[in-house]
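The values are calculated or read from the model by the stated rules, or taken from the named source; none is laboratory data. Just so it is clear, the model here is predicted, and its values are computed rather than measured. Reconstructed Cβ throughout: ideal geometry from the backbone, glycine too, with neighbour counts over all protein chains shown. All accessible areas refer to the heavy atoms of the entire protein, side chains included, with ligands and DNA or RNA removed. Shrake-Rupley method; radii C 1.70, N 1.55, O 1.52, S 1.80 Å.
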Number of protein chains: 2
Amino acid sequence: MADLNNLLSPFFLNDKEVKKVIELIFFSYRDFTSGPDKILEKLNFGRAHHRVIYFVGKKNHITIKELLVVLQITKQSLSRVLNQLVKEKFIIVSTGVDKRTKKLSLTEKGKKLESELSSIQIKKIRGVINKFSEDNINGFKKMLYEMIEDNNKKTFQEIND
Amino acid sequence: MADLNNLLSPFFLNDKEVKKVIELIFFSYRDFTSGPDKILEKLNFGRAHHRVIYFVGKKNHITIKELLVVLQITKQSLSRVLNQLVKEKFIIVSTGVDKRTKKLSLTEKGKKLESELSSIQIKKIRGVINKFSEDNINGFKKMLYEMIEDNNKKTFQEIND
DNA sequence: TATTTAGGTCAGCCATATTGACTTAATTAT
DNA sequence: ATAATTAAGTCAATATGGCTGACCTAAATA
């Protein structure tokens, strides 16, 4: 019902073919993160710092709790990473209207790093986009979205509304 | 030249749209690995064990060196993980024709675990495949492949020849 | 006023990775 | 035959990024 393509010619991949997809995901993800990793290394930061920088950049004035929902780590884990970023002035903290909360923002230094890290990944994705059609890109996005668990689909929507 | 679609209607995504793709990759990969992670946890294993189990299952009689090329970690890192898997009888080791090398194989216990872990990810991918067309799937695979660095593309080909 | 919420902190633990230095045994090249 | 290279292993130290559990403060809400 949903898709004529499937009704007319149901598409099947055997286990071996599906496993190739597993490997493509593994290899592509590793290379997707390796670029930023190299820059982060020079700053003695890791991927966790990248994620915090990224999502604070994405949503200015994000609170600790919101960040925890997105990252799905414990506050103890976030704490160490975030404190380093604040101490080294990539992120500044202010108090929310609800005075229990804290609002996080990137400093100019933080914005610069975020931009440097993101531009590597943006470049990589654009490189891919340029080789494919609009249909392919839209399919790619939809398929990635379908791989996300329902509760996290909600989170993805929330950070993009 | 390469693609009429792009010549006729060059497809452009602005930075904000490309960043959505970055997030889709982040969220989907996390959920792609979370299923196996839960099973591994019960065995006091981690994702590193999964990768070793996976690639030994993929290529029976793989050597340590071949495994290191695929995994791109140091032999010290591999050593700990592999020794645990051998000690707990998920993997058996034999000597190659070149007596310097070792050949790794899954035991029945190892095959069972590999199958249990892979079936989760296979199921997830099939779930996605069933919602899309053959064109979409082929596009998906090609786009993932294009995200891999050239030297690793070679590795991907080699493990699939 | 009592409870919940947002955030922080201390301590200890585990997994995964790294670098560097060094060893052994087997193969290959000179 | 000897030298060089290769495959594998090991010891030690270090870093990152997660976790649990226990406990605390201050502010908001019921």
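Checked against (1) surrounded by fewer than 15 Cβ atoms within 10 Å (Cβ to Cβ); (2) within 14 Å of DNA strand C (Cβ to nearest atom); (3) under 17 Å from the mean Cα position of the chain (by Cα); (4) closer than 26 Å to B:Asp161 by Cβ, B:Gly46 passes all but condition (4).
Under the condition of being near DNA strand C (Cβ under 10 Å from one of its atoms) and of a type outside the set (S, T, N, Q), which residue from segment A:66-77 is farthest from A:Leu117 (Cα to Cα)?
Pass one, segment A:66-77, residues near DNA strand C (Cβ under 10 Å from one of its atoms): A:66-69, A:74-77.
When the remaining residues are screened for being of a type outside the set (S, T, N, Q), the result is A:66-69, A:75.
Numbers: A:Glu66: 22, A:Leu67: 19, A:Leu68: 21, A:Val69: 22, A:Lys75: 24 Å.
This residue is A:Lys75.
The single condition from (1) among the acidic types (Asp, Glu); (2) touching a strand residue (DSSP E or B) at 6+ places or on another chain (Cβ under 8 Å); (3) under 27 Å from A:Phe140 (Cα atoms) that B:Asp37 fails is (2). Residues in segment A:131-140 that are facing chain B (nearest Cβ under 7 Å) and surrounded by fewer than 18 Cβ atoms within 10 Å (Cβ to Cβ): A:Lys131, A:Glu134. Do we find a residue being under 16 Å from the mean Cα position of the chain (by Cα) and more than 19 Å from B:Arg51 (Cα to Cα) anywhere in segment B:128-141? Yes. Can we say B:Asp161 is part of a loop (DSSP other than H, G, I, E, B) and without any contact (Cβ under 8 Å) to a residue 24 or more places away in the chain? The answer is yes for B:Asp161.
Scanning segment A:7-15 turns up at least one residue that is open to solvent by 40 Å² or more (accessible area, probe 1.4 Å) and in contact with an Asp or Glu (Cβ under 8 Å, 6 or more places away or on another chain).
Given the condition near DNA strand C (Cβ under 9 Å from one of its atoms) and open to solvent by 10 Å² or more (accessible area, probe 1.4 Å), answer yes or no: does some residue in segment B:50-65 qualify? First the steps, then the outcome.
First, pick out the residues of segment B:50-65 that are near DNA strand C (Cβ under 9 Å from one of its atoms): B:50-52.
From the residues that got through so far, the ones that are open to solvent by 10 Å² or more (accessible area, probe 1.4 Å) too are B:50-51.
Looking through segment B:50-65, at least one residue is near DNA strand C (Cβ under 9 Å from one of its atoms) and open to solvent by 10 Å² or more (accessible area, probe 1.4 Å).
In segment B:66-118, the qualifying residues are those that are touching a residue at least 24 places away in the same chain (Cβ under 8 Å), near DNA strand D (Cβ under 9 Å from one of its atoms) and small (Gly, Ala, Ser), and the one that is least open to solvent (accessible area, probe 1.4 Å) is B:Gly96. On inspection, B:Val128 does not qualify as open to solvent by 50 Å² or more (accessible area, probe 1.4 Å) and assigned to a helix (DSSP H, G or I).
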